[in-house]
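The values are calculated or read from the model by the stated rules, or taken from the named source; none is laboratory data. Bear in mind that the values here come from a model prediction, so they are computed numbers and not experimental data. Backbone-built Cβ (ideal geometry, glycine too); neighbour counts: all protein chains shown. Side chains included, ligands, DNA and RNA excluded: accessible areas come from the protein's heavy atoms. Shrake-Rupley method; radii C 1.70, N 1.55, O 1.52, S 1.80 Å.
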Amino acid sequence: MADQKASTSIEAVESGLAAQGYIASRQIATAVYLSQQIEKPILVEGPAGVGKTELAKAIAAWRGMKMIRLQCYEGLDEAKALYEWKYAKQLLYTQILKDKLGEVLGGAQTLHAALNQLHDFGDVFFSKEFVEPRPLLQALEQPGGCVLLIDEIDKSDAEFESLLLEILSDFQVTIPELGTVSAITPPTVILTSNSERDLGDALKRRCLHLHIGFPEQRLEERIVESRVPGISQTLRRQMVGFIHEIRSLDLKKLPSVSETIDWARVLVLLQASELDTEIVKDTLNVLLKYEADIEAASPQVTTFIAKAARSNVFG
């Protein structure tokens, strides 16, 4: 298959993701390549907004596969993540069976014979046609495979991790009434975490680990160039240099790559050709999400602009 040939080297993974607008570091491309080759999930950790979720979307787009997303939250359980029974359909079937009871029991001469006939129908209530598949089961049932994104796993309860272990290790799940359901084609599994809580060792053992932090300056410039093609080289270098200076401050929330991209789009929209104190202060709320952070950064704006301009000249 074409996508299999395209993913036979780390360089091919890098170029394939880049074609979808995702500029990957060598570390990211290596993890994706290894995951494909040894069919192992990737646990992607790092601060919010650095491209963890976007990585799953880019892999799906590059390989031409469906992406199935399970958004985790506190209280997530089997009924929302794996499957639940179609209770309304079961009740309707019960009513039909009740109306046709005479036909069903036709010919039964004894109570024992009648119970045996009803027992055959009872098994139907917990058959595959009454199952409502949720994201995890849907992913296993995709004939051509898919990308399964288990997003923000750290927001779910620790008990939910136990539900995932069989899927992550064997790409299968056991449903008591139906038995074991194995993946037709093993999905590419990406789990993301913002490290709000420590994940269990059993889950980590089943995954390749990838940490995505804030990118170094040249890589972040390439990301901006890919996502905001209308921005000039001078402004791109200045704004990325400025953001790297901002990240040196002790802030409640440092600006992530997603804020970098948003700020680049805003600067292009405002037709800025280079950074100046006025436009930076007017748009600082695009980068920083807390008023205390804005107040802490504002006195440094002029200094940081000058540093960014110098690095642009000598870079």
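Figures for the structure shown
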| item | result |
| --- | --- |
| Cα-Cα P(r), the range 143-209, percent of pairs per 10 Å interval | 19, 52, 26, 3 |
| Estimated vicinal HN-Hα couplings, Hz - the range 173-179 in sequence order (Karplus 6.51, -1.76, 1.60; Gly, Pro = x) | 9, 9, 9, x, 7, 10, x |
| Dipole axis of the range 157-263 (+1 Lys, Arg; -1 Asp, Glu on Cβ), positive-most option in Thr188, Phe242, Leu168 | Phe242 |
| Förster radius 45 Å - calculated FRET efficiency between Asp250 and Thr30 (Cβ-Cβ, nearest 0.05) | 0.90 |
| Cut-off under 5 Å, modelled amide H: who pairs with Val189 long-range | Ile42, Leu148 |
| Whole-percent carbon and sulfur share, accessible surface of the range 206-281, 1.4 Å | 46 |
| Modelled FRET efficiency - R0 30 Å, Ala19 with Gln71, Cβ distances, 0.05 increments | 0.65 |
| Mean-position separation - Cα centroids, the range 5-71 and the range 208-232, in angstrom | 14 |
| Peptides 186-193, 128-135, 39-46 ordered by average Cβ neighbours within 10 Å, highest first | 186-193, 39-46, 128-135 |
| Under the Karplus curve 6.51 cos²θ - 1.76 cosθ + 1.60, θ = phi - 60°, whole-Hz ³J(HN,Hα) for the range 131-140, x wherever Gly or Pro sits | 8, 9, x, 9, x, 5, 5, 4, 5, 6 |
| Distance from the range 160-180 to the range 251-275 (C-alpha centre basis), Å | 43 |
| Largest to smallest principal axis extent of the C-alpha atoms in the range 220-315, angstrom | 32, 25, 21 |
